[in-house]
Amino acid sequence: MTDRPYTDDDLRAEAARQHVALTEDPDFMGVGEQMQGSEIESMLPPKEADGAEGPHWDEVLDEDQFSDAQRRIHGLISSAADVSEWAVHLGADGLEPLPEQLTAHTDYSPWFRLHFAVRPDMPDDMRRALVEGVAIEIAKHFPNA
């Protein structure tokens, strides 16, 4: 018996509720403020360039381009899938997401996408085996596999 009137599951549920609330109505001006001084991902220097910084949104884009990008980013945040509960559970369980993902495509759009999260101490070869093994098993059930 605990001296708390709530459970760990209650804590996770409230954290997930608050997490999604942060993204349901993102502050449009805040999106622009976050972009300022932030590097553009596709323009980052190679990892070998120690300490080198890539160009920032507000350095590369003119005012109209910046506003357009800001609107698009705001839209992506606003329409993002609610994975708050997953995110809270992954963090609480000490798991970290892998960059690898599996996506099955139809002619028009993704049919499904699988993301993976593992313990930080999982060896790289085991991580690869996990993703590749799942991909091989799923592929067996596709008609053109």
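Got a sec? Which of R113, R127 is of a type outside the set (A, V, I, L, M), touching a Ser or Thr at 6+ places or on another chain (Cβ under 6 Å) and either part of a helix (DSSP H, G or I) or without any contact (Cβ under 8 Å) to a residue 60 or more places away in the chain (or both)?
R113
Look at R113 and say whether it is among the charged types (D, E, K, R), closer than 30 Å to A15 by Cα and at pLDDT 95 or above.
Criteria not met by R113.
Which of the numbered conditions does W86 fail, given that it passes all the others? Conditions: (1) touching a residue at least 12 places away in the same chain (Cβ under 8 Å); (2) assigned to a helix (DSSP H, G or I).
(1)
Looking at (1) among the hydroxyl-bearing types (S, T, Y); (2) within 19 Å of the chain's Cα centre (by Cα); (3) at pLDDT 85 or above, which is the only condition S67 fails?
Against the list (1) among the hydroxyl-bearing types (S, T, Y); (2) within 19 Å of the chain's Cα centre (by Cα); (3) at pLDDT 85 or above, S67 comes up short only on (2).
For region 1-72, which fully contained helices (runs of 4 or more DSSP H) count at least 1 residues that are touching a residue at least 40 places away in the same chain (Cβ under 8 Å) and surrounded by 10 or more Cβ atoms within 10 Å (Cβ to Cβ)?
8-24, 28-35
The rows are residues; the columns are (1) of a type in the set (G, A, S); (2) open to solvent by 60 Å² or more (accessible area, probe 1.4 Å); (3) touching an Asp or Glu at 6+ places or on another chain (Cβ under 8 Å); (4) assigned to a strand (DSSP E or B).
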position: A80; (1), (2), (3), (4): yes, yes, no, no
position: G91; (1), (2), (3), (4): yes, no, no, no
position: T103; (1), (2), (3), (4): no, no, no, yes
position: Y108; (1), (2), (3), (4): no, yes, no, no
position: A117; (1), (2), (3), (4): yes, no, yes, yes
position: V134; (1), (2), (3), (4): no, no, no, no
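Quick one: L98 ticks every box in (1) in contact with a His (Cβ under 9 Å, 6 or more places away or on another chain); (2) closer than 30 Å to D27 by Cα; (3) part of a strand (DSSP E or B); (4) open to solvent by 50 Å² or more (accessible area, probe 1.4 Å) bar one, so which box is it?
(4)
The values are calculated or read from the model by the stated rules, or taken from the named source; none is laboratory data. No experiment lies behind these values; they were computed from the predicted model shown. Positions of Cβ are backbone-derived with ideal geometry, glycine not excepted, and every protein chain shown enters the neighbour counts. Heads up: the accessible areas ignore ligands, DNA and RNA and are worked out on the full protein's heavy atoms, side chains in. Shrake-Rupley method; radii C 1.70, N 1.55, O 1.52, S 1.80 Å.
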